[in-house]
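The values are calculated or read from the model by the stated rules, or taken from the named source; none is laboratory data. Keep in mind it's a predicted model, so treat the numbers as computed, not measured. For neighbour counting, all protein chains shown are included, and Cβ atoms are generated from backbone atoms with ideal geometry for every residue, glycine included.
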Number of protein chains: 2
Amino acid sequence: METNRHNFSSGPSILPDEVLQKAAQAVLNFNDSGLSLIEISHRDPAFVDIINSARSQALELLNLQDKGYSALFLQGGASLEFVRVAYNLLSKNGTAGYINTGSWSNNALNEASYFGKIVEVASSKDKKYNYIPKNIEIPSNLDYLHITSNNTIYGTQFKEFPQTDIPLVCDMSSDIFSRVLDFTKFDLIYACAQKNAGTSGVNLVVVKNELLERIKKPIPNIMNYRKHIERESMYNTPSVFSVYVSYLTLNWLKDSGGVEAMERKNRAKAHLMYSEIDRNNLFFGNASVEDRSVMNATFFLKDEKLATQFNTLCLKEGIYGINGHRTAGGYRASIYNAMPITSVQLLVQVMQYFEAHFG
Amino acid sequence: METNRHNFSSGPSILPDEVLQKAAQAVLNFNDSGLSLIEISHRDPAFVDIINSARSQALELLNLQDKGYSALFLQGGASLEFVRVAYNLLSKNGTAGYINTGSWSNNALNEASYFGKIVEVASSKDKKYNYIPKNIEIPSNLDYLHITSNNTIYGTQFKEFPQTDIPLVCDMSSDIFSRVLDFTKFDLIYACAQKNAGTSGVNLVVVKNELLERIKKPIPNIMNYRKHIERESMYNTPSVFSVYVSYLTLNWLKDSGGVEAMERKNRAKAHLMYSEIDRNNLFFGNASVEDRSVMNATFFLKDEKLATQFNTLCLKEGIYGINGHRTAGGYRASIYNAMPITSVQLLVQVMQYFEAHFG
C-alpha cells in the first residue's frame, strides 16, 4: 500500500507496511490453509508456533533469553497490568513505591492502591509532569518500585533508572524495543503492544521467574502471572490477531537490525524533531531538555490563535495524529520504531513553511 | 475466498466470508483513509462510530435497546469476566450462587470464590456434565445466580432458565445471538466474541444499569463495569481490530435476518447433525437428548480403534476442528451462526460413507 499519509499517532500507531500486508493476507488465508487466522483454533499447532515464537523473539530482542525470564502475551492493556502487578507483587501488609511522572504512572498508582499500601516515592506533578525526578530516595521496605519509562502524554523519558535492590517494575508501553538497556535490571516489564510492539488488544509482560516464587497470597488464575507462565500464555484464548501482529512486528524489528538499529534511527528522528522545535520561532517545547522523550516529542504554538492554520496545513500534507493528548493540549509527534525519517522530515518542512508564511 | 474447508472449530471459529473480506481490507486501508484500521487512534471519530454502532447493534439484536441496559466491548475474554462479575456483584459478606454445568461454569465459580462466599446451587458433575440440572432450588439470599447457558465442551444447553427474583448473570459465550430469548430476564450477560460475535480479543458485556447502582465496594477502574459504561467502553484502548470484526459480524447477522433467522437455521443444522449421530451405527452422542446443544454437537465412536480412519477421512474432505475438547475426547461439531448447512450436510455424508466402509 503506497500512501502519502504520515502517521504520528501516539497509539494505536504506525506499523511497518510489510506487517500490514502479511496481517491482511492472514485474515484472508492463513499460511495457505484455506482458513483465516482469525477463525482457527488457538490450539492449532500453527498458532501455538506463532505465540511461542513471538515470546522467544521478545526475550531475544531484550537480550533476556536464558536469563530466567518469561514472556507472556496477555489481554487487557497496560491498564490491566496496573492491577495485575499489584495483585501479584504487593504482599499482605506490604508497601509498594511508585514514581509519578505522568497520567499513566498516576493511574498505575491509583489502581494499585486497591491492593495495599502505596507510597509515592517521587513525583513531577508540581511542574505538570514536564521533567523526570532525579536523585530519588527509595525506602528500603518496598515490595517493589514502579516506574513508567516513557511518558507518552508529557513527552518525558527516563534516561537513567534508579539503582536499587528493590524489585523494579517498569511500564515500558511507549518505549519498549526502542533503545538498548540492560534489561536484567528490571524484574518485571510490561507494555501494551500498540506503540512499538504491534496493535491494540494484547500486552507483553516480561517477568523474572524468581520474582514470582515468593508470592504466597491467593490470586485468581486470570490475574496470576505464575498461572499464565505455567500455561505458556494460553491459560485462556489469546487475542489471536493481535498476537500475530506482534509476531510480525517483532520479526520485522529483528530483520531491521534489532533494538540497536532502532535506537540509532530513533535518535536521528528525535534530533531532527527537537532541533526544529527549538529553532522554529512559532513553537516551543516544554519538556525539560535532558528528559525529552525519544518517542513522543511534545510541542506547543506560542500563539494558540494560529492553531487552525497549522492544523489545516498538516491535514493537507497527510499528517495524521499530531494533536496532543486531550489532557495536555498542543502537539505531539510520536515517532515510534516504524516511523520513517522521511515523515519526520516532512513534518519539519511543514513547520518551516508555516513559520515562513505565518511568522 | 473460495475454499473447500469446513470449519467446525469450537472457537475461535468460522466467520462469514464477507466479514473476513472487509476485515482484511480494513487492515490494508480503512475507509479509504490511506491508513490501516490497526494503526489509527482509537479516538479517531471513525473508530468511535464503529464501537458505538457495535454496542447499539448488540442491544438491538437482543431486543434490549431502550430497556435500561448498556453494552460494552472489553478485553480479557470470558475468563476475565468470571473475575469482574464477582468483583462487582459479590457484596461484602454476601453469597453468590453458581450452577455448575461444565468446565467453564466450574472455572467461573472457582475464580469468583476469591471474592466471597459461593454456593454451588446445582451441578451435573455427577454424570460428567452430560445433562442440565432441573427443578433447581435457589436460595433466597444470593447476591446473584450465575449460569452458563451453553456448555461448549460437553454439548449441553439450557432450554429453560430458572425463574427467580435474584439477579441472573449468564455466560452466553457460545450461544449468544443464536436463539430468541426474553433477554430482559437476565441482569448481566457476557460472552467472548470468538464463537457467534466475532473473533478472540474482545468480550461483550450487556448489563442492566440498575444492577450496578447498588454497588458500594471499592473496585479498581479497569475491573469496574460502571467506569466502563461512564467512559462508553473506551476507559482504556480497546482491542480495535477485534471490535471491528464484532461490528462486521453483528451487521452481517442483522442483514441475514437477525437472531430469529439464525435460530431457524441453527435448529435445522442441529437436527441434521443429531439425526445422523442417532442413526449412525458407529457413533453415539452422550449428552442428555433434551439438553442437547444447538451450537456444539458432541459425539463419540463406539469403537475408538476406528479413530484414525475417521480422522483421515475428515482431513481428506477438508473438515477442520472436529475433535472434542482435550478434556472430553471424542468429536464435537460446532455449528455456530456462520456455519452453512452445506458443511453440516458434508459432515453427515462423511459419517455415512464411514459407516458404509468401516461398519
Say we look at region B:317-337 and pick out the residues that are surrounded by fewer than 19 Cβ atoms within 10 Å (Cβ to Cβ), in contact with a helix residue (DSSP H, G or I) (Cβ under 9 Å, 6 or more places away or on another chain) and within 11 Å of chain A (Cβ to nearest Cβ); which of these is nearest to B:Tyr274 (Cα to Cα)? B:His325
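Restricting to region B:334-358, what's the tally of residues that are of a type in the set (Val, Ile, Thr) and not in a helix (DSSP H, G or I)?
Within region B:334-358, residues that are of a type in the set (Val, Ile, Thr) and not in a helix (DSSP H, G or I) number 1.
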For region A:33-50: of the residues being part of a helix (DSSP H, G or I) and at the interface with chain B (Cβ under 8 Å from one of its Cβ atoms), which is nearest to B:Ser10 (Cα to Cα)? A:Glu39
Evaluate region A:239-249: report whether one residue or more is within 13 Å of another protein chain (Cβ to nearest Cβ), without any contact (Cβ under 8 Å) to a residue 24 or more places away in the chain and among the aromatic types (Phe, Trp, Tyr). no
In region A:251-288, anything touching a Phe, Trp or Tyr at 6+ places or on another chain (Cβ under 8 Å) and either of a type in the set (A, V, I, L, M, F, W, C) or more than 23 Å from A:Tyr154 (Cβ to Cβ) (or both) is listed as A:Leu253, A:Val259, A:Met262, A:Ile277, A:Leu282, A:Phe283, A:Phe284, A:Ala287
Test: residue in region A:259-270 that is within 14 Å of chain B (Cβ to nearest Cβ) and surrounded by 22 or more Cβ atoms within 10 Å (Cβ to Cβ): no
Restricting region B:61-119 to residues that are out of contact with any strand residue (DSSP E or B) (no Cβ under 9 Å at 6 or more places or on another chain) and within 23 Å of B:Phe158 (Cα to Cα), the one farthest from the other protein chains (Cβ to nearest Cβ) turns out to be B:Asn63
Please work out which one of (1) without any contact (Cβ under 8 Å) to a residue 24 or more places away in the chain; (2) on the phi > 0 side of the Ramachandran plot is the condition B:Gly201 fails and give its number. (1)
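How many residues, within region B:1-18, are in a helix (DSSP H, G or I) and farther than 11 Å from A:Leu28 by Cβ?
Here is the first cut: in region B:1-18, the residues in a helix (DSSP H, G or I) are B:17-18.
So of that shortlist, the ones also farther than 11 Å from A:Leu28 by Cβ come out as B:18.
Residues meeting the conditions: 1.
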Checklist (1) modelled with pLDDT of 95 or more; (2) among the polar types (S, T, N, Q); (3) under 28 Å from A:His42 (Cβ atoms) applied to B:Asn4, failing item: (1)
Test each condition in (1) more than 30 Å from B:Met234 (Cα to Cα); (2) of a type in the set (A, V, I, L, M); (3) in a helix (DSSP H, G or I) for B:Ala122 and report the one that comes out false. (3)
Condition broken by B:Ala191, with the remaining ones in (1) within 14 Å of chain A (Cβ to nearest Cβ); (2) assigned to a loop (DSSP other than H, G, I, E, B) satisfied: (2)
Considering only region B:326-342, I want to know if a residue exists there that is more than 20 Å from the chain's Cα centre (by Cα) and at negative phi. yes
Of all residues being hydrophobic (A, V, I, L, M, F, W, C) and closer than 24 Å to B:Asn236 by Cα in region A:95-119, which is nearest to the chain's Cα centre (by Cα)? Just the residue, please. A:Trp104
What's the number of the only condition in (1) under 30 Å from A:Gly155 (Cβ atoms); (2) touching a Phe, Trp or Tyr at 6+ places or on another chain (Cβ under 9 Å); (3) not charged (D, E, K, R) that A:Leu37 fails to meet? (1)
When restricted to A:Val294, A:Val289, the only residue away from chain B (no Cβ under 14 Å), within 19 Å of A:Ser149 (Cα to Cα), out of contact with any His (no Cβ under 6 Å at 6 or more places or on another chain) and surrounded by fewer than 18 Cβ atoms within 10 Å (Cβ to Cβ) is A:Val289
Here are some conditions: (1) in a loop (DSSP other than H, G, I, E, B); (2) within 14 Å of another protein chain (Cβ to nearest Cβ); (3) of a type in the set (Val, Ile, Thr); (4) buried (at least 24 other Cβ atoms within 10 Å of the Cβ). B:Ile153 meets all but one. Which one does it not meet? (4)
Filter region A:335-359 down to the residues that are hydroxyl-bearing (Ser, Thr, Tyr) and either outside the structural domain of A:Ala307 (by TED's automatic domain parsing) or more than 17 Å from A:Asn296 (Cα to Cα) (or both) and list them by number. A:Tyr353
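Of all residues in region B:53-92, which are small (Gly, Ala, Ser) and at negative phi?
B:Ser53, B:Ala54, B:Ser56, B:Ala58, B:Ser70, B:Ala71, B:Ala78, B:Ser79, B:Ala86, B:Ser91, listed by residue number.
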For region A:212-267, which residues satisfy the criterion of being farther than 30 Å from B:Gln194 by Cα and in contact with a His (Cβ under 6 Å, 6 or more places away or on another chain)? none
Any chance A:Leu15 is among the aliphatic types (A, V, I, L, M) and facing another protein chain (nearest Cβ under 8 Å): yes
Looking at the structure I just gave you, is B:Phe30 buried (at least 20 other Cβ atoms within 10 Å of the Cβ), within 25 Å of the chain's Cα centre (by Cα), more than 7 Å from chain A (Cβ to nearest Cβ) and modelled with pLDDT of 95 or more? no
Working only within region B:170-189, note down all residues that are in contact with a strand residue (DSSP E or B) (Cβ under 7 Å, 6 or more places away or on another chain) and acidic (Asp, Glu). B:Asp171, B:Asp175, B:Asp187
Please enumerate the residues belonging to region A:246-292 that are modelled with pLDDT of 95 or more, among the polar types (S, T, N, Q) and more than 16 Å from A:Leu347 (Cβ to Cβ). A:Ser246, A:Thr249, A:Asn251, A:Ser256, A:Asn281, A:Ser288
From the options A:Leu181, A:Leu212, residue that is away from chain B (no Cβ under 14 Å), at pLDDT 95 or above and either surrounded by fewer than 17 Cβ atoms within 10 Å (Cβ to Cβ) or under 25 Å from B:Asn236 (Cβ atoms) (or both): A:Leu212
Would you mind finding the one in A:Gly77, A:Gly94 that is in contact with a Cys (Cβ under 9 Å, 6 or more places away or on another chain) and over 24 Å from A:Val180 (Cβ atoms)? A:Gly77
